1. Here is a list: Ala90, Ala117, Ala94, Ala77. Which entry is surrounded by fewer than 10 Cβ atoms within 10 Å (Cβ to Cβ) and assigned to a helix (DSSP H, G or I)?
2. Pull out all pairs, ordered by first then second residue, where Cβ-Cβ is under 9 Å, the residues are six or more apart or on different chains, the first lies in region 100-117 and is of a type in the set (Phe, Trp, Tyr), and the second is not in a helix (DSSP H, G or I).
3. Scan region 18-39 and give yes if some residue there is at pLDDT 70 or above and of a type in the set (Lys, Arg), otherwise no.
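The values are calculated or read from the model by the stated rules, or taken from the named source; none is laboratory data. As the structure is a prediction and not an experimental result, all values here were calculated from the model. As a convention, Cβ positions derive from the backbone with ideal geometry for all residues, glycine included, and neighbour counts pool all protein chains shown.
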Amino acid sequence: MDLVNRFCGIFIYRVLMQIVQELCKRPGLNRTGFDMPTIYIPNTSKCPNQIEEVCSTIEKTIEQTVQNALNNLGKDASILKEKLESQLNADTGARSRNFYKTTQSRSIFIIRFCFVAINKF
């Protein structure tokens, strides 16, 4: 179990270092003013342990992003519902007009047929 914890610590350290290196190489990526605090890795550094602060910041950012996505999803769902309802209402109206026009044209055809049939006899 100790080996797994050590591997995870090294992996996280490498990932965070890569993030910091990328941010340093490209200042345009650091639009949010992300500050990388020192992180404590046992037996390799004498810096104070700030991993909890990093985890807390990451967790808050993720929660905010998820909340924003859910809020946008709710708004998008409302807009989609309104558009679908308007399309269904328009379709119902078009169906009613089509039925009326079809009935009207068939009635006129039958009346004309009867009129022609009566005039021939």
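1. Being surrounded by fewer than 10 Cβ atoms within 10 Å (Cβ to Cβ) and assigned to a helix (DSSP H, G or I) holds for just one of Ala90, Ala117, Ala94, Ala77, which is Ala117.
2. Pairs found: none.
3. no
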